[in-house]
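Take a look at the structure set out below.
The values are calculated or read from the model by the stated rules, or taken from the named source; none is laboratory data. Only a predicted model underlies this, so the values are computations on that prediction, with no experimental measurement involved. Using ideal geometry, Cβ is built from the backbone for each residue, glycine included, and neighbour counts are taken over all protein chains shown. With ligands, DNA and RNA removed, areas are computed over all heavy atoms of the protein, side chains included. Shrake-Rupley method; radii C 1.70, N 1.55, O 1.52, S 1.80 Å.
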Amino acid sequence: MKTKYVGKNIEVTESLKDYTEKKLGKISKFFPNEVEVLVMMKIVKAMQEVEFTIHHDGLTIRSEVATDDMYNSIDKAVDILTSQIIKQKTRFKKAN
């Protein structure tokens, strides 16, 4: 899984990257091929927002969550991604 990080009004630290990589490891089992993930972290009016975008064989999966803690936002966004992937599982199988 290739991960690209973008930070707006926030410095994406190594601890945030490590935590995100650990959480994204849970969804890597759904993709047999290499997949690229764009992770955008930003602070907007005291809310810490994370946005994940996955492009895989013409399919795009996104999740965006804003909470008062970046780690909590990452957890919730990965949960949303996981549920979307499970929901679209048949499309992934047809695309491969």
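Each residue of the range 26-38 was assigned a 3J(HN,Hα) from its phi angle through the Karplus curve 6.51 cos²θ - 1.76 cosθ + 1.60 (θ = phi - 60°); the sequence is 5, 9, 5, 5, 7, 10, x, 9, 5, 10, 9, 10, 9 Hz, with glycine and proline shown as x.
Projecting the Cα atoms of 86, 44, 28 onto the charge dipole of the chain (Cβ charges, centred on the Cα centre) puts 86 farthest toward the positive pole. The Cβ shell under 14 Å around residue 40 holds other residues with a net charge of 0, Lys and Arg each +1, Asp and Glu each -1. Ligands, DNA and RNA left out, the 1.4 Å accessible surface of the range 12-90 is 51% carbon and sulfur atoms. In a fully extended conformation the segment linking residue 79 and residue 42 would gain 11.4 nm over its present Cα-Cα distance, using 0.36 nm per residue. The residues of the chain expose on average 60 square angstrom of accessible surface per residue, using a 1.4 Å probe on protein heavy atoms. Partner lysines whose Cα lies under 16 Å from the Cα of residue 45, excluding those fewer than 8 positions away in the same chain, are identified as 8.
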